[in-house]
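Participant: Pasting in a structure now, in structure tokens, and then I'll have a few things to ask.
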Amino acid sequence: MMPHPLLIVAVIVVMYVVGSIKILAEYERGVIFRLGKLLPAPKGPGVVLVFAPIDRMVRVGLRTVVMDVPPQDIITHDNVSVKVNAVVYFRVVHPQNAIVEVENYHYATSQLAQTTLRSVLGQVTLDDETRPGAAKSEA
């Protein structure tokens, strides 16, 4: 006994719809591209329908991320060598910008933190003898 063709089509459609259901947590947003174009607003949290060949969803976490900056060997303004560690806290506010405007926002944030750390500490003067009003010792 052959199943009815309409029943086969109905089962395929139901499986497709069930496969299209995505669940986003409270701290996630889904940036959806429909045929390659960005939809105007991110989706979530909750149940989101993403139709496979037409839509593509990228999940973005909105929680605060703690990132360790690798130790940096920096030479200050007065040629003093310093080794500095740092920690960066960041949070995605606009998920669409994080996905569309930057290829990898985690890596970009890490590189920006390292560059800023080197730039700021490169302008600092640490040598006591070069500061105005510093006591000079005589031997």
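Participant: Would you kindly derive the ³J(HN,Hα) couplings of region 43-52 from the backbone phi angles with the Karplus curve 6.51 cos²θ - 1.76 cosθ + 1.60 (θ = phi - 60°), listing them in order in whole Hz, with x for Gly and Pro?
Facilitator: 9, x, x, x, 8, 10, 9, 10, 7, 3
Participant: Follow-up question, since we're still on this one. May I ask you to rank Thr115, Thr76 by accessible area, largest first, using a 1.4 Å probe over the protein chains only? Don't skip to the answer; put the middle values down first.
Facilitator: On the way: Thr115 75, Thr76 10 Å².
Of Thr115, Thr76, the descending order of accessible area is Thr115, Thr76.
Participant: Calculate one ³J(HN,Hα) per residue across region 24-33 by plugging θ = phi - 60° into the Karplus curve 6.51 cos²θ - 1.76 cosθ + 1.60, and present them in order as whole Hz with x for glycine and proline.
Facilitator: Once θ is set to phi - 60°, the couplings for region 24-33 become 9, 6, 4, 8, 10, 10, x, 8, 10, 10 Hz.
Participant: Under the Kirkwood approximation applied to all pairs of distinct alpha-carbon atoms, what is the hydrodynamic radius of region 1-42 in Å?
Facilitator: Values: mean 1/r = 0.0751 Å⁻¹.
Result for region 1-42, one decimal place: 13.3 Å.
Participant: For a distance above 28 Å, tell me the whole-number percent of Cα pairs in the chain that qualify.
Facilitator: Values: 4852 of 9591 pairs.
Counting pairs separated by more than 28 Å, the tail of P(r) holds 51 percent.
Participant: Now for a different question. Pairing the Cα long axis of helix 5-20 with the longest principal axis of the chain, what angle in degrees results, from 0 to 90 and rounded to the nearest 10?
Facilitator: Long axis of 5-20 versus the principal axis of the chain: about 10 degrees.
Participant: Quick one: pull the percent of accessible area on the chain belonging to carbon and sulfur, 1.4 Å probe, ligands and nucleic acids left out.
Facilitator: On the way: 6250 of 10290 Å².
Carbon and sulfur: 61 percent of the exposed surface of the chain.
Participant: To the nearest 10 degrees, how steep is helix 105-122 against the longest Cα principal axis of the chain, on a 0 to 90 scale?
Facilitator: 10 degrees
Participant: Using a 10 angstrom cutoff on alpha carbons, build the Gaussian network for the chain and name the most mobile of Val69, Val58, Val124.
Facilitator: Result: Val124 has the largest fluctuation of those listed.
Participant: Got a number for the accessible area of Ser119? Probe 1.4 Å, square angstrom, nearest 10.
Facilitator: Counting only protein heavy atoms, the figure is 60 Å².
The values are calculated or read from the model by the stated rules, or taken from the named source; none is laboratory data. Here the structure is a predicted model, which means the values were calculated and not measured. These accessible areas exclude ligands, DNA and RNA; they are computed on the full protein's heavy atoms, side chains included. Shrake-Rupley method; radii C 1.70, N 1.55, O 1.52, S 1.80 Å.
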